[in-house]
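Okay, here's the structure, questions in a sec.
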Amino acid sequence: MLDVRGIQKVYESKDRTVEAVRDLTFTLPAGELACLVGPSGCGKTTLLKIMSGLLEPTSGEVRMEGQVVNGPPPGMAVVFQEYGRSLFPWMTVRDNVELPLKQKKLAPARRKELVEESLAAVGLAEAHAAYPWQLSGGMQQRVAIARAVAYEPHVLLMDEPFAAVDAQTRADLEDLIRDLWHRFQVTTLFVTHDIDEAVYLGQRVLILSNSPTVIRDDLAIDLPDQRDQLTTRSSPRFAELRARVYEQIHRSKDAAADADAEQPVAAGPVSGPAPAAPDHSGF
Amino acid sequence: MSVLRRVGMTLGLPVILLAAWWFASAGSTSFFFPPLSEILDSLVEEWFGPRLAADVWPSLYRLAAGYALAVVVSLALGVLIGTSRTVRALTEPVFEFFRAIPPPVLVPIFILLFGLGDGMKIVVIAFGCMWPILLNTVEGVRAVDEVLSDTGRVYGLRGWSRLRHLVLPSASPQIYAGLRQGLSVAIILMVISELFAAENGLGYAVVQAQRSFAIPETWAGMLMLGLLGFLLSLLFRLVENRQLAWYHGLRRAQRSS
């Protein structure tokens, strides 16, 4: 469905070269909900921009449904972290959700149906006529999610969408994502720096190393499909998985520190262990 | 009460100034400072009489045409220059030069090029008031937020619809700032363009009145111009408040959070 093959991104400026992403390869099968977790500044946003066709990779390619991505593909929606800068403040909530559908040249009746359905699905059935800035942060991000859902994407990318909302809202929005994913079965990649969030949400967690980024681990999350903030998060299996992800991220930080000590902008192989295959054994 | 207060606040000072003028000039026998009552008589009889059609309308027509021309040209050029780094690098020095020329000195040259008719005056107005509009449009278009722009790209906003739904609305607060400056420049140039070789218009009529020693009428012409500028800026604010309601709301929301 979504194939990421050998992605590398090097930023070159006058006096220095920064390799943000070294070598990333993974595949998202159709209908999967995967989380991508990694330390801050590990190039998550860079990777997401490359996957959504907003940024050219230095080498490698992204394929969506077999087609090479070289510009935002029509069947993809993205939810950005900065909801305040992602909704058009000069448009009402309804117009914000409807605008992409107009670009898709859908009939007005169908547009109306999609707008109403998606806003109801995120719990904002009453807010059609409001402007985004009249809503709270969590509600604004719901609008952005509704806009993505109404677009009927085949792939949905989310870039740390809940990093800027308070804890309670965040828990609600996490459940909303699980709920929407069950309803619409959209292939979803959820990027976060929050380990708990990644384990709670995903069927699978991809762990990234520090920059220059490689995939550190690819972990299947074998928690029950029906998840609940209370019982899931307090289950022993959740704690095991969480510890496992935590350990991987920490090891990758140490490895990066070692590599840095040897060679600042190394072109050689990473000094840590190679990307591991999915492992269900816990520790 | 609050409505009454606001009306009082708005009208208070103008009423006091007019009253002061009225009483200070009431018994005036000076030829150059006629009593306000005479000036107001002249304003009503002349300026709201035959001169309304003969001089005020032609001036307003040229103002509207010149301003409209400047808006269209500046928006088109501004979007082009703001979007393309190459065009910007090419045009910037030339624009800095043209902008530095005080528009009144162009009148003699434009007379040579466009003759004495309305065309010349419209071009003078347009040429003078386009700079603030153009430069503000360029800056506004350049400053489109990166996340908004990415959002637009992801959701297939391209070409004309990108311009209409993303670039222009996003630049509109700055564009309106430019339009407001442009309007006051346009009013000044409307008068100046009528001082040379004109046969009607507000500027022409005021100068004619002064030259023929019709002093109350000269003063009344000044009042008329002030009144006109005031009404136009009121109208402008009305349109701006409607169009930028979202922006003012957004700013209020950002301040209170």
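The values are calculated or read from the model by the stated rules, or taken from the named source; none is laboratory data. As the structure is a prediction and not an experimental result, all values here were calculated from the model. No Cβ is skipped: glycine too gets one built from the backbone with ideal geometry, and neighbour counts run over all protein chains shown.
Does segment B:204-221 hold any residues that are among the hydroxyl-bearing types (Ser, Thr, Tyr), farther than 11 Å from B:Glu46 by Cβ and part of a helix (DSSP H, G or I), and which are they?
Within segment B:204-221, just B:Tyr204 meets the criteria.
Those residues that are modelled with pLDDT of 90 or more, among the aliphatic types (A, V, I, L, M), more than 17 Å from A:Ile177 (Cβ to Cβ) and surrounded by 15 or more Cβ atoms within 10 Å (Cβ to Cβ), I need them from segment A:220-254; list them, please.
Listed by number, the residues that qualify are A:Leu241, A:Val245.
Just to check your reading of the model, which residue among B:Ala186, B:Ala177, B:Ala197 is away from every other protein chain (no Cβ under 14 Å), out of contact with any Asp or Glu (no Cβ under 8 Å at 6 or more places or on another chain), surrounded by fewer than 16 Cβ atoms within 10 Å (Cβ to Cβ) and farther than 30 Å from B:Ser25 by Cα?
B:Ala197
Further question on the same structure: Tally the residues that are assigned to a helix (DSSP H, G or I) and more than 21 Å from B:Leu227 (Cβ to Cβ), restricting the search to segment B:7-40.
Qualifying residue count, segment B:7-40: 1.
So if I check each of B:Leu135, B:Leu113, which one is closer than 21 Å to B:Ile81 by Cα, more than 14 Å from chain A (Cβ to nearest Cβ), in a helix (DSSP H, G or I) and modelled with pLDDT under 95?
Testing whether each residue is closer than 21 Å to B:Ile81 by Cα, more than 14 Å from chain A (Cβ to nearest Cβ), in a helix (DSSP H, G or I) and modelled with pLDDT under 95 leaves just B:Leu135.
Residue under question is B:Trp219, and the condition is that it be over 20 Å from the mean Cα position of the chain (by Cα), buried (at least 18 other Cβ atoms within 10 Å of the Cβ) and within 14 Å of chain A (Cβ to nearest Cβ); does it hold?
No.
Suppose we filter segment A:36-54 for residues that are surrounded by fewer than 16 Cβ atoms within 10 Å (Cβ to Cβ) and either more than 30 Å from A:Tyr246 (Cα to Cα) or within 14 Å of another protein chain (Cβ to nearest Cβ) (or both); how many remain?
Qualifying residue count, segment A:36-54: 0.
Hey, among B:Val124, B:Val105, which residue is more than 14 Å from chain A (Cβ to nearest Cβ), part of a helix (DSSP H, G or I), crowded, with 19+ Cβ neighbours inside 10 Å and modelled with pLDDT under 95?
B:Val124 is the lone residue from the list that is more than 14 Å from chain A (Cβ to nearest Cβ), part of a helix (DSSP H, G or I), crowded, with 19+ Cβ neighbours inside 10 Å and modelled with pLDDT under 95.
Just need a number here: residues in segment A:65-82 that are over 14 Å from the mean Cα position of the chain (by Cα) and within 13 Å of another protein chain (Cβ to nearest Cβ).
Looking only at that region, the number is 7.
A:Leu124: part of a loop (DSSP other than H, G, I, E, B) and out of contact with any Phe, Trp or Tyr (no Cβ under 7 Å at 6 or more places or on another chain), yes or no?
yes
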